[in-house]
Amino acid sequence: MKKLWIGSTAMVLLLAACSGETEESVETTDATASTTEDGKTEVVFWHAMSGELETALNTLVDDFNASQDEYEVEPVFQGTYEEALTKLNTVAGTDESPAMMQVFEVGTKFMIDSGHIQPVQDFIDEEGFDTSIWEENITNYYSVDGVQYSMPFNSSTPVLIYNKDAFEAAGLDPEKAPMTYSELKEAAEALTTDAQKGFSILNYGWFFEEMVAAQGGLFVNEENGRAGQATEAVFNGEEGLNVFNLIKDMYDEGTYYNSGQNWDDMRAAFQSGATAMILDSSAGVKGMIDNAPFEVGVGYLPVPDDAERNGVIIGGASLWMADDIPAEQKQGAWEFMKYASSAEVQAQWHVDTGYFAINPAAYEEQIVVDQWEQYPQLKVTVDQLKETQANAATGGALISVFPEARQRVVNAMESLYQGTDPQEALDQAVEETNRALEVDAAKSGN
Amino acid sequence: MTVIRQEATSGSTGDWHLERKRAWSNWMTGMMFLLPSLILFGVFLFYPMVRTVYLSLFLTDSQGVPVVFVGWENFVNLFQSTSFQLSAKATALFVLYTVPAGIVLATALAILANQKLRGIGLFRTMFSATMGMSVAASSVIWMFLFNPSIGLFNRILAALNIPGVQWLLDPQYALLSVSVATIWMNTGFAFLILLGGLQNIDQSLYESARIAGVSESYKLRKITLPMLSPTLFFVTTVSLINAFQTFGQIDLLTRGGPMESTNVIVYSIYKDAFINYNVGSASAQAVLLFVAVLIVTVLQFKIGERKVHYQ
């Protein structure tokens, strides 16, 4: 009996000790989090770059750490953009929160609403930093009501990628990419054989958003949520219908390949010749050229024949600064952001990854000039962005329920292959997105 | 406990306080033994369960903090949403596709592997091998098999001059494809348990049968299956609950698509909670799933157990 008491007391004590220890360790990590052994301020940086991108990012961070002796940026990979954001959610506003965070473009509104972030505009104003050196189309996306909330970092846009060899075999001009829907349809028809389809779009909301914006169409009301809180989705209008009709027509004609929801599957389909044209991210162009066993061409996003080309919305991610952290850490994060946006660093970043340089001066750096000589296709992606008109459509929608809206769009795209009427599919997606917007408004009490 | 009661009744009323004290200290001792599991269950099971029910009555902010009390609204919305109805249908179909087929397959393999032959150990290892494979690794293997442009299945079809099938992209086939992969993944476990059950059957029963000269199928129906029924019952219960909770292969193979045809409830809960940040609605779905699993398990015990033959 006595032994038992001792045993259980020991266990309770042990439990208490454990909990005490965790508290202590939290405190100690917190104390060391601000400085490293050699007295540098530590800036924890959560990101979502994996594979070759992570290597490139680590090199960039190492170079920054070596370039000065006040701050030490510590990059931590936290999974995909979605996963990283979910993890941030659990620690935002606590001591565990990272000082700097990479968030994908559609998380912008979500981050602003979270209330745990420090707009970089404050640092820009304080230092009188000249933001006009940045690519306007990129900074536009990440600023709301004239306030720059986050620092653009890795930016990409969608492009049309096509198999030049297949173009030649089908008697098409391999140097002339289809620019309009009817050119696209004609090319796809000529390219389709028993083993090869003409064209494919990944079942992913981003491509739909881009194709709507390319015609100047909005995704949600209130000028894409930039003039006020968006309350309704409007992508079931004429522009959205054009996109869905295109997919539906081509699928019915047998010139369209359904490549599913997985990027790797789509790229495998292109590389194995199952489809001759795809839409892909500009950041994937270089890898595609290196890996495809044929000549790869790059073109602009196609638009309907009678539509005016508006351009593309910026994709990718930006860097956010946490609010409830010590001032030195904020300063460290800001120094890193400035470093990362300088022309030389951006030039290296563009060459290593294929993401855009947010600082156009980077395109004049020698390494970029050399790279473009070797991969002239990369220039097409930059030109498409440069020619983009700055307006509400190409500014991109600002809603916090973007992930859900994208699921609805994907669902609608998939239902097209089952014979659903395009307008019906779109209306359904809009209705469900509206419902999500409504719930979101109820949460924030508007 | 019975000991205490006996003492209590046999003792005179004057000892009542003493008895009571003893019973109390006995109870304390018992509780102390239970304490570790009570703490663990409490922290990791009971508290989350109660919290889930609580959250299901609220709208939450993105960090899962309840902000607006909405009562039954989350449940009402679920029952009205076509998306949830599809999820419920997909879950039911998935359970139907995987559990019976998986158990029949595992039982057949176990009976085969129960023969005393040279080298049977090799087959037993092969049949149970999938148990040692993680869901992630298995899913990747199946992803390649199902791949429409470079996968094995479509190459076989092409060799036979049959047009290829978009296994994971066609809503007609996607759930079936995931089910096939799941059956393959779960067979190892069911096989191993059933083989253990077979080996526990008293050999003298078979000896008597041989003396009586009955046929093999008669032996199977009248000895093997009845004697195996407790193990079969266990495997069925565990497989059913497992099937209701399947997540990994759905996430890796289809992400709930195409057209939500594989969006089983657990996956829908995940999407709602961790992608759309609607913890309230996700909690409501979790409560409904709990109730469904509870009903199925209770029914199984009520109906299925009658047919179980315990020695």
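Name the single residue that is least open to solvent (accessible area, probe 1.4 Å) among those in region A:156-191 being of a type outside the set (A, V, I, L, M, F, W, C) and without any contact (Cβ under 8 Å) to a residue 12 or more places away in the chain.
The selected residue is A:Asp173.
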Quiz item: In region A:213-310, which helices (runs of 4 or more DSSP H) lie fully inside it and hold 2 or more residues that are closer than 27 Å to A:Asp194 by Cα, assigned by TED's automatic domain parsing to the domain that holds A:Gln428 and without any contact (Cβ under 8 Å) to a residue 60 or more places away in the chain?
Solution: A:238-253, A:263-271, A:285-291
Quiz item: Only one residue in A:Ala405, A:Ala429, A:Ala362, A:Ala397 is touching a Phe, Trp or Tyr at 6+ places or on another chain (Cβ under 6 Å), among the small types (Gly, Ala, Ser) and crowded, with 17+ Cβ neighbours inside 10 Å. Which one?
Solution: A:Ala397
Quiz item: Regarding B:Gly119, is this residue free of Cβ contacts under 8 Å to residues at least 24 places away in the same chain and within 14 Å of another protein chain (Cβ to nearest Cβ)?
Solution: no
Self-check item: Qualifying residue in region A:375-388 (condition: within 14 Å of chain B (Cβ to nearest Cβ) and in a helix (DSSP H, G or I))
Solution: no
Quiz item: Just one of B:Val67, B:Val76 is hydrophobic (A, V, I, L, M, F, W, C) and part of a strand (DSSP E or B); which is it?
Solution: B:Val67
Quiz item: Any idea which of B:Ala181, B:Ala137 is modelled with pLDDT of 90 or more, away from every other protein chain (no Cβ under 14 Å), outside any loop (DSSP other than H, G, I, E, B) and surrounded by 13 or more Cβ atoms within 10 Å (Cβ to Cβ)?
Solution: B:Ala181
Practice problem: Could you pull out the residue among B:Ile303, B:Ile295, B:Ile241, B:Ile265 that is within 28 Å of B:Val65 (Cα to Cα) and among the β-branched types (Val, Ile, Thr)? | Solution: B:Ile265
Quiz item: Can you pull out the residues in region B:250-268 that are within 14 Å of chain A (Cβ to nearest Cβ), open to solvent by 10 Å² or more (accessible area, probe 1.4 Å) and in a helix (DSSP H, G or I)?
Solution: B:Asp251, B:Leu252, B:Leu253, B:Ser268
Quiz item: Going by the structure shown, is B:Ile150 of a type in the set (Val, Ile, Thr) and either within 14 Å of chain A (Cβ to nearest Cβ) or at positive phi (or both)?
Solution: yes
Self-check item: Pairs, first assigned to a loop (DSSP other than H, G, I, E, B) in region A:130-145, second of a type in the set (A, V, I, L, M), C-beta under 7 Å, six or more apart
Solution: A:Trp134/A:Ile358; A:Glu135/A:Ile358
Exercise. Being free of Cβ contacts under 8 Å to residues at least 40 places away in the same chain and either in a loop (DSSP other than H, G, I, E, B) or in contact with a Phe, Trp or Tyr (Cβ under 7 Å, 6 or more places away or on another chain) (or both) is the filter here, so list the residues in region A:97-114 that pass it.
Key: A:Ile112
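The values are calculated or read from the model by the stated rules, or taken from the named source; none is laboratory data. Being a predicted model, the structure only gives us computed values, none of them experimental. Here the Cβ is made from the backbone with ideal geometry for all residues, glycine too, and neighbour counts use every protein chain on show. Ligands, DNA and RNA are stripped out before the accessible areas are found, and what is left, the full protein with its side chains, is counted by its heavy atoms. Shrake-Rupley method; radii C 1.70, N 1.55, O 1.52, S 1.80 Å.
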